[in-house]
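> Just passing along the structure, written as structure tokens.
The values are calculated or read from the model by the stated rules, or taken from the named source; none is laboratory data. Predicted model only: the values in this text are computed from it and were never measured. As a convention, Cβ positions derive from the backbone with ideal geometry for all residues, glycine included, and neighbour counts pool all protein chains shown.
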Amino acid sequence: MSGTSLDGVDALLVDFSSSQPRAVSSHHQPYPTEIRAALLELSHASHPELHQLAQMDVQLGELYAQAVNTLLDRAGIAAATIQAIGSHGQTVRHHPHGPHPYTLQLGDPNVIAERTGITTVADFRRRDIAAGGQGAPLVPAFHAAQFHHPGYMRVVVNLGGMANITVLPANGNAPVIGFDTGPGNVLLDGWAQRHRGSTYDADGAWAAAGTRLPALLQRLLAEPYFTQAPPKSTGRERFNLPWLETRLEGAEDPQDVQATLLELTALSVAQAINGHAGAAQEVLVCGGGAYNRALLQRLAHHLAPRTVLSTARYGVEPQAVEAMAFAWLAQQTLHGKPGNLPTVTGARRPVVLGGIYRI
């Protein structure tokens with residue numbers, strides 16, 4: 001226990017074997033001066049960012065609960081029949097490096113459980129980071145369970161905001177590898193929002209009508225992340241519009257920039273596959289980018305002669321794969337089974353992920 005006095009941590013060993021609790025041993029761990037000063041600053045009433053963060057945590061919890069309740073109502077399924085909700089939450093910061101690595105997802109699972117009446121499993125990533133991993137990507141374990149083929153090597157590509165790949169060897173006992181390759185839709189969506197006022201470039205039509213800019217593409221591909229060895233993961237902290245702007249000369253046509261960003265996503269994914277899964281015969285694509293026709297055409301061009309297919313061909317719609325993955329991870333947690341793959345995240349060992357918020 002650490003109280004509002006901010007003097008330190010009180011640790012107590014308690015014996016409950018008899019009718020009255022008995023203190024066996026105690027220890028007081030004072031806060032280091034720098035931690036106490038930082039806590040005082042964070043707890044100050046005028047710290048607007050912390051207040052906003054805490055409120056958004058609750059607001060997203062309410063929104064997720066509403067989504068679940070609406071889903072069950074439309075499906076005609078009673079909440080009492082649901083074993084659990086697996087809630088990933090909204091990532092607002094991912095920083096798996098440095099002396100104090102962390103990742104932060106919002107969407108209070110206490111609120112979700114209370115508003116739905118369903119046990120909720122959440123906070124999946126931080127246990128992997130505590131075990132020395134990147135906390136991402138986590139979906140490769142589900143990809144292996146769902147999409148492995150014993151006859152040949154497959155690669156699953158998730159084209160979300162960030163793109164990541166999972167390499168599934170034909171031998172089910174061989175290690176699965178996976179990592180974030182770089183930007184998926186994040187730059188494409190941001191640039192379309194800025195210049196077209198739309199949240200995304202439907203079908204990649206705007207990009208497809210532009211002209212790729214080779215010099216800009218080379219400047220973008222010079223980003224060290226692309227040649228960094230896995231395990232690795234990334235997010236908006238690295239790939240964002242300010243990152244793009246520092247590589248623009250200023251006179252480029254916005255549509256040509258969009259065409260170049262589409263090529264960046266396709267080429268960086270293809271290079272990752274060629275470098276780490278050269279023997280792959282089939283590439284399954286999921287995530288929102290799976291509906292971008294122009295992006296899939298460029299990806300297929302760079303990956304030829306491999307077959308590039310939607311995961312829908314094997315029973316899971318592209319937009320449903322990640323949500324299904326976290327339902328699967330929640331089931332793993334409830335059964336006390338690990339959900340991470342150390343060969344993917346770099347964790348020291350397999351660990352059970354997340355916390356369980358029971359009804």
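> Only one of Gly339, Gly278 is crowded, with 16+ Cβ neighbours inside 10 Å and closer than 23 Å to Lys232 by Cα. Can you tell me which?
Matching residue, one of Gly339, Gly278: Gly339.
> Might you check whether a residue that is in the same structural domain as Trp191 (by TED's automatic domain parsing), closer than 27 Å to Leu213 by Cβ and surrounded by fewer than 17 Cβ atoms within 10 Å (Cβ to Cβ) occurs anywhere in region 282-292?
no
> For a quick check of your reading of the model, give me the residue pairs whose first member lies in region 103-123 and is at pLDDT 95 or above, whose second is among the basic types (Lys, Arg) and in a loop (DSSP other than H, G, I, E, B), with beta-carbon atoms closer than 7 Å and at least 6 apart or on different chains.
That search, which allows pairs on different chains as well, returns Thr119/Arg358.
> Same structure again: How about region 151-234: which strands (runs of 3 or more DSSP E) wholly inside it have at least 2 residues that are in contact with a strand residue (DSSP E or B) (Cβ under 8 Å, 6 or more places away or on another chain) and either farther than 24 Å from Pro305 by Cβ or among the charged types (D, E, K, R) (or both)?
177-183
> Please give the number of the condition Val111 fails out of (1) closer than 20 Å to Gly160 by Cα; (2) not assigned by TED's automatic domain parsing to the domain that holds Glu317.
(1)
> Tell me whether region 131-150 contains one or more residues that are of a type in the set (A, V, I, L, M), surrounded by fewer than 18 Cβ atoms within 10 Å (Cβ to Cβ) and assigned to a helix (DSSP H, G or I).
Yes: region 131-150 contains one or more residues that are of a type in the set (A, V, I, L, M), surrounded by fewer than 18 Cβ atoms within 10 Å (Cβ to Cβ) and assigned to a helix (DSSP H, G or I).
> Looking at region 342-352, which of its residues are in contact (Cβ under 8 Å) with a residue 24 or more places away in the chain and either buried (at least 18 other Cβ atoms within 10 Å of the Cβ) or not charged (D, E, K, R) (or both)?
Pro342, Thr343, Val344, Thr345, Gly346, Ala347, Val351, Val352
> Just give me the residues in region 200-231 being touching a residue at least 60 places away in the same chain (Cβ under 8 Å), touching an Asp or Glu at 6+ places or on another chain (Cβ under 9 Å) and charged (D, E, K, R), in sequence order.
Within region 200-231, Asp201 is the sole residue that qualifies.
> Scan region 102-125 and tell me whether some residue there is part of a helix (DSSP H, G or I), surrounded by fewer than 22 Cβ atoms within 10 Å (Cβ to Cβ) and aliphatic (A, V, I, L, M).
yes
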